[in-house]
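Asks: Provided herewith is a single structure, encoded as structure tokens, for subsequent inquiry.
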Amino acid sequence: MKISDIQPTEHHSFYGNYLALVPKDIELIDGFKKSSEAIIDFFENIPAVKLNYAYADKKWCVKEVFQHLIDTERVFQYRCFCIARHDKTSLPGFEENDYIEPSQAKNKSIESLLEEFKAVRHSFILLLKSLNDEDLECIGNANENPMSARAAAFVILGHYTWHINIIKERYL
């Protein structure tokens with residue numbers, strides 16, 4: 001399954017920016033595996049002095065951005081899971097700013113964030129391996145908008161790329 005399989009009716013237009021960053025020829029599970037290696041390498045190689053750096057007042061530091069990425073992956077994994085299981089329950093929205101302060105990301109080590117990422121990513125890959133094409137094509141409701149299980153998964157791949165590009169441009 002590739003990003004080109006996704007139709008505009010499978011997600012809110014907001015997610016188009018993230019989906020546009022996913023390589024057109026990448027298979028879903030392979031994309032998760034390859035991006036996992038790249039994400040680990042990227043965050044392992046950020047200088048320690050930059051981890052608590054924020055480029056402007058009221059902006060997240062690098063560790064908070066990483067925590068945001070992990071939290072978002074958890075939320076979208078749950079969305080993918082529910083939708084793929086044909087759950088018709090309307091899934092709630094996700095206010096990302098409400099999650100950062102309670103996460104205490106600034107006080108976490110990069111090693112603990114990497115460990116958390118690896119666990120969440122491994123769990124998502126196992127979920128994706130357990131789903132067939134019909135499950136992934138299923139459309140549910142997330143934040144009062146249609147979303148397919150496969151769109152929820154592909155959004156994550158583009159979401160990481162989006163934020164890593166911002167870190168490269170504004171933080172490093």
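Asks: Based on DSSP H runs of at least 4 residues, each adding -39500 (n - 2.57), what is the mean residue ellipticity at 222 nm of the chain after dividing by all its residues, to the nearest 500 deg cm²/dmol?
Replies: Counting only the DSSP helices, I get -19000 deg cm²/dmol.
Asks: Let me ask you something else. Looking at the chain as a GNM with Cα springs under 10 Å, which of PHE42, PHE76, PHE124 has the largest mean-square fluctuation?
Replies: Of PHE42, PHE76, PHE124, the most mobile in the Gaussian network model is PHE42.
Asks: For LYS50, give me every one of the lysines with a C-alpha distance below 17 angstrom, ignoring sequence neighbours fewer than eight places off in its own chain.
Replies: Leaving aside lysines fewer than 8 places away in the same chain, those within reach of LYS50 are LYS58, LYS59, LYS63, LYS106, LYS108, LYS168.
Asks: Give the peptides 81-89, 60-68 in descending order of average Cβ contacts within 10 Å, highest first. Write out the running numbers ahead of the final one.
Replies: Values: 81-89: 16.3, 60-68: 21.8.
Put in order of decreasing packing, that is 60-68, 81-89.
Asks: Angle, helix 110-130 long axis vs. longest principal axis of the chain, Cα atoms, 0 to 90°, nearest 10?
Replies: Orientation of helix 110-130: about 10 degrees from the principal axis.
Asks: Sorted by packing (mean other beta-carbon atoms within 10 Å per residue), highest first, where do 131-144, 102-115 land?
Replies: 131-144, 102-115
Asks: Using a cut-off of 12 Å between beta-carbons, work out the net charge of the residues near HIS86 (Lys and Arg +1, Asp and Glu -1, HIS86 not included).
Replies: Summing Lys/Arg as +1 and Asp/Glu as -1 gives -2.
Asks: Alpha carbons only, please: Rg and Dmax for the chain, in angstrom.
Replies: Over the chain's Cα set, Rg and Dmax evaluate to 15.8, 47 Å.
Asks: Which of the three applies to region 1-93, rounded, prolate or oblate, going by the alpha-carbon gyration tensor with a ≥ b ≥ c and a/c under 1.5 meaning rounded?
Replies: prolate
Asks: Bin width 5 Å, alpha-carbon pairs only: give the P(r) of region 98-172 as whole percents, running from 0 to the bin holding the largest distance.
Replies: Spelled out per bin, shortest first, that is 3, 12, 13, 21, 22, 14, 10, 5, 0.
Asks: I would also like to ask the following. What's the angle, to the nearest 10 degrees (0 to 90), between helix 28-44's Cα axis and the longest principal axis of the chain?
Replies: Its long axis makes an angle of about 10 degrees.
Asks: Taking R0 as 45 Å, what's the FRET efficiency between ASN165 and LYS88 from their Cβ-Cβ distance, rounded to 0.05? Mind showing how you got there, number by number?
Replies: Details: r = 36 Å, r/R0 = 0.79.
Calculated transfer efficiency: 0.80.
Asks: Sticking with this one: Compute the helix-to-body angle for 149-170: its Cα long axis versus the longest principal axis of the chain, expressed 0 to 90° and rounded to tens.
Replies: Helix 149-170 and the main axis of the chain meet at about 20 degrees.
Read-outs: derived from the displayed coordinates by stated rules, not from any lab. What you see is a predicted model; the values in this text were computed from it and never measured. Heads up, the Cβs are rebuilt from the backbone with ideal geometry, glycines too, and the neighbour counts pull from every protein chain shown.
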